1. Computed FRET efficiency, Cβ-Cβ of S139 and A14, R0 41 Å: what is it to the nearest 0.05?
2. Just how much of R237 is accessible, in Å², when a 1.4 Å probe is used and the result is rounded to the nearest 10?
3. For a Förster distance of 22 Å, can you work out the FRET efficiency between the beta-carbons of A213 and D187, rounded to the nearest 0.05?
4. How many percent of the accessible area of the stretch 1-143 is carbon or sulfur, using a 1.4 Å probe?
5. Does anything in the stretch 134-160 have its amide N under 14 Å from the 7 Å Cα→Cβ label point of R43, and if so which residues?
6. Amide H to amide H, which residues 5 or more places from E197 or on other chains are under 5 Å from it, using H placed in the peptide plane?
7. Give the accessible area for E209 in Å² (nearest 10); use a 1.4 Å probe, count only protein heavy atoms, and leave out ligands, DNA and RNA.
8. Please state the Cα pair-distance histogram of the stretch 136-263 with 10 angstrom bins from zero: what percent is in each bin?
Amino acid sequence: MTTTDMATTTPDAAAGPPRLTRLAFHSPLSETRADALVQRLTRTTPATVLDIGCGWGELMLRVLAATPNATGTGIDINADDVARARRNAADRGLQERAEFVEESATKTTRGPADLVLCTGASQALTTAEPPGHTPEALSELRRLVTDNGRVLLGEGFWQRIPTPAELEGMWPGAAATDHHDLATLLDLAVAAGFRPEWTETANLDEWEEFESAYQADVEVWLAQNPGHPLAAETRDRLDRHRAQWMSYRGVLGLAYLTLVPAL
Ligand SMILES: C[S@@+](CC[C@H](N)C(=O)[O-])C[C@H]1O[C@@H](n2cnc3c(N)ncnc32)[C@H](O)[C@@H]1O
């Protein structure tokens, strides 16, 4: 296929593969669970919201839409995601109440806030290596939330201990110590000064939707642009990620813990 052919068949092929355009959230989270979370997290009418590792801040924007007097700050190091968050805030008329900053959340001086969101992003709060990163992130979350506030922690856990073969297929250097089981995760939250108000975990449907949507736009792009200069590396990336997902499917869990500070 020549460059001219590519331009004819797919006008924007030169732009390269799309990125995460089919995901509503950058985590395995269904619309049903998101609605329930927003309802629960806004029961206490938070005035301030802090979203750690916010990505494009979809959950925080929904919380702000449901809490008309609240203001929120989302923190992320990914410039593309921060730009998407700002665009979405403007599209929904929330730009006066939603601030998105491109910076690291490690040792952040922002907060404390009445509601702290941290889903799939505890690594943003600590430089500690697993398994020490979870207690350190929880201690940071306790520092960042007001005494009568709430924390939503979306954190990985092992649904069962992975076999050596499964670990071998996961992310580079994956180890059984990378995560805790759910009971230990809850114990760590309690040890950090919280009580668990609500405990829920992403189900297989949410994982499959998330992992499919994670790759779907790029898979379609690759299928339609086999001659693109980025096709080979894109194919490698997709194949690698699919193999990893097939190794952690049903083994890696994602817990959504609504935590209340213990006074
Ligand atoms: C799996 S995504 C989750 C995004 C979002 N919380 C959600 O659930 O849709 C993890 C996010 O953490 C961000 N992140 C990683 N390290 C960070 C750091 N040190 N400071 C701020 N954000 C960080 C990444 O850029 C990424 O957007």
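1. On the way: r = 47 Å, r/R0 = 1.16.
Result of the calculation: an efficiency of 0.30.
2. 110
3. Computed FRET efficiency for A213 and D187 comes out at 0.10.
4. Values: 3380 of 6900 Å².
So the carbon and sulfur contribution to the accessible surface is 49 percent.
5. The answer is 149-152.
6. Amide H neighbours of E197, under 5 Å, 5+ apart: T258, L259, V260.
7. Taking all protein chains as shown, E209 has close to 130 Å².
8. Calculated over all Cα pairs of the stretch 136-263, the distribution is 12, 32, 27, 19, 8, 1, 0 percent.
The values are calculated or read from the model by the stated rules, or taken from the named source; none is laboratory data. In this text the structure is predicted, and so the values were computed from the model without any measurement. Quick reminder, even Gly has a Cβ in these numbers, built from the backbone with ideal geometry, and neighbours come from all protein chains shown. We work out accessible area using only protein heavy atoms, side chains counted, and drop any ligands, DNA or RNA first. Shrake-Rupley method; radii C 1.70, N 1.55, O 1.52, S 1.80 Å.
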